[in-house]
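The values are calculated or read from the model by the stated rules, or taken from the named source; none is laboratory data. Since we're looking at a predicted model, the values are computed, not measured. No Cβ is skipped: glycine too gets one built from the backbone with ideal geometry, and neighbour counts run over all protein chains shown.
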Amino acid sequence: MANRTCAGGRHRFFLLHLATLIVVGCYPLDNFRDDRSASHLLILRFEGDGFVMQSRLDGFYFVQWEGLNPGGGAGQGVAFVKGGRVYGGDHLTFFIGEFEDHDVLVTAKVGVFPLQGAYRSVTGVVDDAPWDISDIRGRVPGGALPMNVEVQLDAERADSHARISVRFTRILEFPDSATDCVWH
């Protein structure tokens, strides 16, 4: 635990490094109780190059997916998109990958990693090891995008070629003031 100063004053925080992404959970000291029932604020920031948007698709997204093969399932989670990289997940898995913006077409590939052992994936298969989605693509409007842009993607699992439909809906763009805190 360490101290830092944000707009709200002094807070305790923890850091979890994932590539260059840092998840910072701030706990206001005046609300912190021994029973750990205090609410907390979760702040995401990148280390190194500052927090400059590098892609018109950058932001925090609500993600929905559905397996299109017989026995396929559905799910939802969140994703953080910045500068050609995507980090996301749900209560069963997390995914890390890359994307390319070709003006009116987006292509991507991600690795999917289970958090706690075997689970039934969106493709209907019971998985207990990482797997890849190497062919993800979808149309996106050209030019500047609205804050709440929706991107519909078609994907195919690399090993079984099971098809997956994915919809990304941006729910937040990150203003500089949300990530400009001073470290002590």
Check: Does D132 meet the test of being at pLDDT 95 or above and either out of contact with any helix residue (DSSP H, G or I) (no Cβ under 6 Å at 6 or more places or on another chain) or surrounded by 12 or more Cβ atoms within 10 Å (Cβ to Cβ) (or both)?
Finding: yes
Check: Among the residues of region 83-95, which ones are more than 18 Å from V151 (Cα to Cα) and in contact with a strand residue (DSSP E or B) (Cβ under 6 Å, 6 or more places away or on another chain)?
Finding: D90, L92, T93, F94
Check: Hey, does region 140-150 have a residue that's in contact (Cβ under 8 Å) with a residue 24 or more places away in the chain and not in a loop (DSSP other than H, G, I, E, B)?
Finding: no
Next item on the list: State yes or no: is V86 among the β-branched types (V, I, T), within 17 Å of R163 (Cα to Cα), within 16 Å of the chain's Cα centre (by Cα) and modelled with pLDDT of 95 or more?
Entry: no
Check: Among the residues of region 94-111, is any modelled with pLDDT of 90 or more, within 15 Å of G67 (Cβ to Cβ) and over 14 Å from the mean Cα position of the chain (by Cα)?
Finding: no
